[in-house]
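Shown next, in structure tokens, is the structure this report addresses.
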Amino acid sequence: MTTSHLASPDGVLPKLLAALGFVGAIAAVILAATTPAPERHVRAWTFAGLAQKPSSYALQTPVTDGGAWTIEAAPGHEGGRVLVNHPGSSDAAPALAIIEDLSTRDVDLATRCRGGCGLAFRVLDPAQFYVARADRDAGQVILAVVVGGQERELARAPIAAGAGEWLELSVHARDEAIEVHLDAAPVIAARDATLREPGSSALWAAPLGSASFDVLRVRSRPAS
């Protein structure tokens, strides 16, 4: 009886299997190297360039009486320019510069700002959002939720006063858990379930007085 090469130890089948095993190993390495990690979309603004309007940087400013937004030269700052919100009317709602095309529940936000300034997140519309706001002149940082245009304070912490000084403010939101950091140090940790659906993020400015921002960084994360 004729013996098939496929049954022979020195035949085609062992060599074929060995080749397939090698190719499979290489494919596994390539797949591991190219499979993306869970999405953590990062966007950053330094307001560099020649544009003069927030809309040129994909920021919408829907609170019309909350004060004008301008981009002004500021040598020594990261982009050489800063975004400024000027005083609004006495009965205006806080001004917002809302990021276009962003919807996320869990997010990391950071800015460097001065005046009555803050970061809004899970922004569903100009009357519904969370905000972490700070004011060195007032010596405090506040975390609040806004529903129907009415702000409800969740927590506050004292900060070192310093008129006109810049501060670094950041927010880390994961479902109900919210942390606020000031100048890289944690100052508030709170939990709240009022707004749990995804929303945009924004820069926040008090309606009276002037607020300036020289950077905005946003990292959206998949819901855990």
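Only the coordinates and a few stated rules stand behind these numbers; no lab work does. Keep in mind that what you see is a predicted model, and the values were worked out from it rather than measured. Quick reminder, even Gly has a Cβ in these numbers, built from the backbone with ideal geometry, and neighbours come from all protein chains shown.
With only Lys, Arg, Asp and Glu charged, each at its Cβ (+1 for the first two, -1 for the last two), find how big the charge dipole of the stretch 133-197 is about the Cα centre; round to the nearest 20 debye. Don't skip to the end; give the middle numbers.
Numbers: 7 positive and 12 negative charges, 28 e Å.
Using only the charged Cβ atoms, the result is roughly 140 debye.
Suppose we look only past 24 Å in the calculated P(r) of the stretch 41-221. What percent of the Cα-Cα pairs does that tail hold? Walk me through the numbers on the way to the answer.
Working: 4692 of 16290 pairs.
For the stretch 41-221, the fraction of Cα-Cα distances above 24 Å is 29 percent.
Within a 10 angstrom radius of the beta carbon, how do W204, W69, W166 rank from fewest other beta carbons to most? Spell out each step's value before the answer.
Numbers: W204 30, W69 23, W166 17.
Fewest-to-most Cβ neighbours within 10 Å comes out as W166, W69, W204.
If you average the C-alpha positions of the stretch 125-150 and of the stretch 151-224 separately, how far apart do those two centres end up, in angstrom?
For the stretch 125-150 versus the stretch 151-224, the Cα centre distance is 8 Å.
Nothing charged except the Cβ atoms of Lys and Arg (+1) and of Asp and Glu (-1): what's the magnitude of the dipole of the stretch 106-224 about its Cα centre? Round to the nearest 20 debye.
On the way: 13 positive and 16 negative charges, 22 e Å.
Dipole of the stretch 106-224, to the nearest 20 debye: 100 debye.
For Q140 and A73, FRET efficiency with R0 = 35 Å and r from the beta-carbon atoms, rounded to 0.05?
On the way: r = 30 Å, r/R0 = 0.87.
My answer for the efficiency is 0.70.
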